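Worksheet: one structure, shown below.
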Amino acid sequence: MGLYEVCDASPYLKTAAKYHGEISDDPCPICHRDQLWRVHYIYGDELRHAAGQARSRTELPVLAMTYREFQVFVVEVCLGCDWNHLVEQYRLGRDGLADRDAARREAAE
Ligand SMILES: [Zn+2]
């Protein structure tokens, strides 16, 4: 599944924002009427049926302990005019944490 699918899923994106999203401090740059909502999507082979689902931000640390590796796409959406865009993309999971620990040990030596 690609990025295009994430950003092209406006009806789903708006529903996801209502159930899993969090409102941001930023007003919509297009319509200036509404605040933007942030939705976190998770992707990864290991997630199986959960791949491509929206999750609340508070669930991410739990998922990061559960799975070895997955991608997080943060999308901002305006419920007023449907405008949306990808804010950031990053990797989470136990493997990522292990990498960071190793990097920290190397830095300390
Ligand atoms: Zn808008």
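Read-outs throughout are calculated quantities, based only on the coordinates presented, and are distinct from any laboratory measurement. All of these numbers come straight from a predicted model, not from anything done at the bench. Ideal geometry is used to build each Cβ from the backbone, glycine not excepted, and the neighbour counts take in all protein chains shown.
List of remarks:
- Here each label is just a point 7 Å from Cα along the line to Cβ, and for residue 105 and residue 86 those points are 3.3 nm apart.
- Placing a pseudo-label 7 Å from each Cα along the Cα-to-Cβ vector at residue 12 and residue 94 gives an inter-label distance of 2.8 nm.
- Extension gain (nm, one decimal) between residue 35 and residue 53, 0.36 nm per residue minus Cα-Cα: 4.2 nm
- Estimated distance in nm for a label pair at residue 66 and residue 22, the labels positioned 7 Å out from Cα along Cα-to-Cβ: 1.8
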